[in-house]
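The values are calculated or read from the model by the stated rules, or taken from the named source; none is laboratory data. For clarity, every value in this text was computed on a predicted model and none was experimentally measured. So basically every Cβ, Gly included, is an ideal-geometry build from the backbone, and we count neighbours across all protein chains shown. For the accessible areas, the whole protein counts, side chains as well, though only heavy atoms, and no ligand, DNA or RNA atoms are used. Shrake-Rupley method; radii C 1.70, N 1.55, O 1.52, S 1.80 Å.
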Amino acid sequence: RWLAAGRASRRLVLVVVFVALLLDNMLLTVVVPIIPTFLYTTEYEGANSSVAPAWTEPAPPALKAPPFSSMFSYFDNTTVTVLGSASTAELANGTESSRPLQPPASSPPLPSGCPEGEEFLAKENVRVGLLFASKALIQLVVNPSVGLLTNRIGYHIPMFIGFVIMFLSTVMFAFSGTYTLLFIARALQGIGSSFSSVAGLGMLASVYTDDFERGNAMGIALGGLALGVLIGAPFGSVMYEFVGKSSPFLVLAFLALLDGALQLCILQPSKISPESTKGTPLPTLLRDPYILVAAGALCFSNMGVAMLEPTLPIWMMQTMCSPKWQLGMAFLPASISYLIGTNLFGILANKMGRWLCSLIGMAVVGISLLCVPLAKNIYGLIGPNGGLGFAIGMVDSSMMPIMGYLVDLRHTSVYGNVYAIADVAFCMGFAIGPSAGGAIVRAIGFPWLMIIIGVTNIAYAPLCWYLRNPPAKEEKIVSL
């Protein structure tokens, strides 16, 4: 009886979509502080390890002289007995006196200041940007197919396929130690994310048919997305700093298993339930100017934070000498304010006008991005990042319900394809953002990158006015 009631409950459908978006976006952002520092420590320090043997290899012989092993010091020329186990007594006062001066010459990378290797960090902007963008690029390619699939077989099976792929991607992240394997794991995540987001949002739109209720439900579901973004970066940076690279991914893999069990109980993925009416073809929806305006707002507003993800941690390492845990914490204000914005404007946007809410949101996104390079330390990032997250929450919580409303008003009320378009717009932001952002930073610097994307958002904002009162198609007017 409980399962039967659960399958008929709209709230439990909302819970499942909430959890799926939460885990997807935790995995999306948990890598943001980990990947730049992980690649730096494994590749840059590994490349320069040829300098180290001059002073690291003598360490084992010191263990062969028990009386002196506990007194080993680079600063005491009389007691250093690192070289040679047979003639340590003679070397301690003679040749050794010049040897201890070598380690300090190669030890500057070790203190916890600004990292060395400016040229390596500049190149890493591009590589990290491409790695982050790979998820969105793959999702971009897969989304239209998933939209068609949901129109044919319903939302349950694609939702469960998304869980399986996401679980595999998470486990692969945990045990990947090279750039290539991390790239493959990120691309695999894009496939799973496509299934989860398109099927989840389409399911919500089909269950919540009233426009006001749908707006509230979308706001709550996007709260799951926001919570994932909120927890991901700080959780990843703290776990990586104090436990290790694999730990945050193993925790996410365990949570993904719980989500899969919940889907099996509630959603019945073995049951095929095709749509009773045929949905509007994807090319027809793409020719609708109002859907394109809404999709553009989603794309450009999210492109701002997408450009920050690979470039801000590296910029902080270069200019602020930030430790690992701060690289993730810098995104915390944006995540908290996004969580507040999506839940608050899920309700308010319907009252004040969703077009006005998104117009103001895009303008605030642009202003916040312009203020990011002015920060001199992590505390200076609180205001700009907080404003950025709140404004993106305004745009997302307005545009997602508008997508469903435009289909109801102007097309057939089947939502797989339109939410595939919404997800494509979201993914274009996260595909173009990191890949172009890394290249722009290398060419003209981080501040100019923020100016370009900030001005773009401010310039696009007035187009939201066209969503104020979109006209219905003639045949829809008759049915309404």
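A few comments on the model shown:
- Residue check for GLY215: under 26 Å from VAL146 (Cβ atoms), at pLDDT below 85, in contact with a Pro (Cβ under 6 Å, 6 or more places away or on another chain) and in a helix (DSSP H, G or I): yes
- Single unsatisfied condition, PRO447 versus (1) surrounded by 24 or more Cβ atoms within 10 Å (Cβ to Cβ); (2) over 26 Å from TRP355 (Cβ atoms); (3) at pLDDT 85 or above: (1)
- Scanning segment 399-442 for residues that are closer than 21 Å to ARG468 by Cβ and not in a helix (DSSP H, G or I) yields a single hit, HIS411.
- Filter result for the condition that a residue is open to solvent by 10 Å² or more (accessible area, probe 1.4 Å) and either touching a Leu at 6+ places or on another chain (Cβ under 8 Å) or over 20 Å from MET159 (Cβ atoms) (or both), over PHE175, PHE195: PHE175
- Hey, LEU168 without any contact (Cβ under 8 Å) to a residue 60 or more places away in the chain and in a helix (DSSP H, G or I) or not: yes
- Per the conditions (1) surrounded by fewer than 24 Cβ atoms within 10 Å (Cβ to Cβ); (2) at pLDDT below 75, the sole criterion not satisfied by ALA226 is (1).
- Some residue of segment 292-304 being open to solvent by 50 Å² or more (accessible area, probe 1.4 Å), modelled with pLDDT of 85 or more and part of a helix (DSSP H, G or I): yes
- Scanning segment 137-144 for any residue that is modelled with pLDDT under 60 and either aromatic (Phe, Trp, Tyr) or in contact with a Cys (Cβ under 6 Å, 6 or more places away or on another chain) (or both) turns up nothing.
- Any hit, segment 366-386, residues being in a helix (DSSP H, G or I) and within 15 Å of MET218 (Cα to Cα): no
- Pairing each residue of segment 7-30 that is closer than 13 Å to PHE163 by Cα with any residue that is among the aromatic types (Phe, Trp, Tyr) and assigned to a helix (DSSP H, G or I), provided the two are 6+ apart or on different chains, yields C-beta distances under 9 Å for ALA20/PHE163; LEU23/PHE163; LEU27/PHE173; LEU27/PHE249.
Yes/no per residue for (1) within 22 Å of the chain's Cα centre (by Cα); (2) of a type outside the set (D, E, K, R):
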{"position": "LYS376", "(1), (2)": "no, no"}
{"position": "TYR379", "(1), (2)": "yes, yes"}
{"position": "PHE390", "(1), (2)": "yes, yes"}
{"position": "VAL414", "(1), (2)": "no, yes"}
{"position": "GLY433", "(1), (2)": "yes, yes"}
{"position": "GLY437", "(1), (2)": "yes, yes"}
{"position": "ASN457", "(1), (2)": "yes, yes"}
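- Of the residues examined, ALA431 is not one that is farther than 24 Å from MET203 by Cβ and open to solvent by 10 Å² or more (accessible area, probe 1.4 Å).
- Taken together, the residues in segment 316-336 that are part of a helix (DSSP H, G or I) and either surrounded by 24 or more Cβ atoms within 10 Å (Cβ to Cβ) or under 13 Å from the mean Cα position of the chain (by Cα) (or both) amount to 5.
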